[in-house]
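Comments concern the structure below.
The values are calculated or read from the model by the stated rules, or taken from the named source; none is laboratory data. No experiment lies behind these values; they were computed from the predicted model shown. With ideal geometry, Cβ positions are generated from the backbone for all residues, glycine too; neighbour counts draw on all protein chains shown.
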Amino acid sequence: MSKPPNPDNPSSEPEIIPPGQAERGTERVRVYVAKPSPLGLILMTLIVGLLSAAILALLLVDVSLAVAFSRPGRDRRDRCRTSAFLFS
């Protein structure tokens, strides 16, 4: 039966590569990430909110039109009169 691993005695050591000793041919790229400013956070929140509101409005219009035009017992002429009345 095998023993559980002992966290004080790791089975392998991590390799620490000193700066400038990386493998040749590999390019290192540093990416700097700045903290967002309060103005940036406000603008991002507004953009996300406006996009969400626009998508919600389109979905509500789509559902309401689907319900309006799927009522049984009405023929195409009634629907055309109704839509002409609504959009005139």
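Residues in the stretch 1-51 that are modelled with pLDDT under 75 and of a type in the set (Lys, Arg): 3, 24, 28. Scanning for something of a type in the set (Asp, Glu), assigned to a loop (DSSP other than H, G, I, E, B) and either at pLDDT below 90 or surrounded by 10 or more Cβ atoms within 10 Å (Cβ to Cβ) (or both), does the stretch 68-86 turn up at least one residue? Yes, the stretch 68-86 contains a residue that is of a type in the set (Asp, Glu), assigned to a loop (DSSP other than H, G, I, E, B) and either at pLDDT below 90 or surrounded by 10 or more Cβ atoms within 10 Å (Cβ to Cβ) (or both).
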